[in-house]
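Coordinate-derived values only; no laboratory data. Because the structure is a prediction, the values reported are computed rather than measured. Every residue, glycine as well, gets a Cβ built from its backbone with ideal geometry; the counts of neighbours run over all protein chains shown.
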Amino acid sequence: MPYVTVGKENSGEIDLYYEDHGTGTPVVLIHGWPLSGASWEKQVPILLEAGYRVITYDRRGFGWSARPSSGYDYDTFASDLNILMCELCLEDAILVGFSMGGGEVARYLGTFGSQRVGGAAFISAIPPFLLKTDGNPEGVDGSVFDGMRRAIMEDRPGFLARFFQDFYNVDKFEGTRISDPAVQLSWKVGAGASAAATLACVTAWLTDFRDDLSLIKVPTLVFHGDADRIVPFEASGKRTHELIGGSRLVVIKGGPHGLNWTHAAELNHALLEFLKNVAAAGKPAHTKKAAKRMH
């Protein structure tokens with residue numbers, strides 16, 4: 001099992017588990033909360049078949065990675081990603097961030113630039129700034145996140161059971177686009193994560209990525225469902241598209257948060273199309289395209 005060391009806490013190394021498969025242009029898949037790199041199982045085979053090198057990794061505190069007591073902030077997450085990128089000598093990589101993974105994409109590009117990056121994709125992602133403030137009236141009220149923190153501290157497994165119902169809009173899609181065992185698999189992965197990391201990441205979601213997005217000049221895809229109950233489209237995907245010049249927006253009508261499972265075919269199609277366009281255009285930012293609404 002391959003690991004990359006990103007730091008040390010007391011006597012233990014902070015190691016991130018990763019998988020690196022295939023050849024060709026590297027595509028780095030960055031998972032959401034509270035899952036792991038395994039959550040990309042419906043994307044990895046398709047990307048490999050299409051001729052891409054596919055890298056997944058588990059964020060610190062999640063999956064098979066180390067579980068330090070600190071470092072659950074986006075400056076550290078972006079540094080972890082940079083160490084992985086350098087360790088694997090990645091060039092012209094496409095960064096694909098799902099949910100909180102979109103924060104890594106934004107902060108990485110805002111901090112380390114695009115020297116190693118050929119394109120970026122934000123899938124149901126949290127940027128630009130989730131917290132409602134006087135200067136960010138489009139955000140989500142802080143009481144929502146306070147309630148999540150309290151619920152996690154009181155009964156983390158119970159909270160996650162409720163969370164995944166809304167993650168996949170189970171009341172709409174169970175038996176058609178997702179099965180109960182698939183939902184339970186997500187619960188099992190999430191419940192197996194570090195309790196400290198699970199809680200700390202809720203605070204990390206409130207990071208302001210607006211300055212990071214303004215620095216993104218590589219071709220960018222924004223993919224979001226308009227029925228996302230976890231990261232509302234109007235507060236996130238819509239605004240991310242507006243803030244990144246040259247970005248392409250794909251909106252899934254009725255789509256939930258967990259699109260990489262429930263709408264895998266639509267996401268895979270959009271990703272492959274985007275990757276082909278990036279290869280054809282090269283690294284310079286492409287002309288802004290109108291939003292595409294998929295049914």
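Taking each DSSP H run with n ≥ 4 as -39500 (n - 2.57) and averaging over every residue of the chain yields -12000 deg cm²/dmol at 222 nm. For segment 30-45, backbone nitrogen atoms closer than 19 Å to the point 7 Å from Phe112 Cα along Cα-to-C-beta are found at 30-32, 37. Amide hydrogen proximity for Ser124: with H placed 1.01 Å from N in the peptide plane, the residues at 5 or more positions away or on another chain lying under 5 Å are Ser99, Phe223, His224, Gly225. Using the Cβ-Cβ distance between Asn136 and Ala196 with R0 = 35 Å, the FRET efficiency computed as 1/(1 + (r/R0)^6) comes to roughly 0.80.
Sorted on the mean count of surrounding Cβ atoms within 10 Å across their residues, most packed first, peptides 5-13, 60-68, 79-87 read 60-68, 79-87, 5-13. Computed from backbone phi with θ = phi - 60° and the Karplus coefficients 6.51, -1.76 and 1.60, the 3J(HN,Hα) list for segment 113-124 is x, 10, 4, 9, 10, x, x, 9, 9, 10, 10, 6 Hz; x is used for glycine and proline.
Legend: calculated FRET efficiency, Leu206 to His21, from the Cβ-Cβ distance at R0 = 45 Å, rounded to 0.05, equals 0.85. The length gained by stretching the chain between Lys42 and Ser70 to full extension, at 0.36 nm per residue less their Cα-Cα distance, is 7.0 nm. In this simple spin-label model, placing a label point 7 Å from the Cα along the Cα-to-Cβ direction at both Phe145 and Asn10 gives a separation of 2.9 nm.
Remark: relative contact order (segment 1-113) = 30 percent; criterion is Cα-Cα distance under 8 angstrom and separation of 6 or more residues. The Rg/Rh ratio of the chain, with Rg taken over Cα atoms and Rh as the Kirkwood radius over Cα pairs, comes to 0.93.
Amide H contacts for Glu174 (H built 1.01 Å from N in the peptide plane; partners 5 or more residues away or on another chain; cut-off under 5 Å): none found. 3J(HN,Hα) along segment 50-58: 7, x, 9, 7, 10, 10, 10, 8, 9 Hz, from the Karplus curve 6.51 cos²θ - 1.76 cosθ + 1.60 with θ = phi - 60°, whole Hz, x for Gly and Pro. Averaged over residues, the count of other Cβ atoms within 10 Å places the peptides 181-192, 97-108 in the sequence 97-108, 181-192, highest first. DSSP bridge analysis restricted to the chain gives an antiparallel fraction near 30%, rounded to the nearest 5. The relative contact order of the chain comes to 19 percent, based on Cα pairs under 8 Å that sit 6 or more residues apart.
Treating r as the C-beta distance of Met1 and Thr176 and R0 as 35 Å, the FRET efficiency rounds to 0.50. Each label point was placed 7 Å from the Cα along the Cα-to-Cβ direction; for Ala280 and Glu154 their separation is 5.3 nm.
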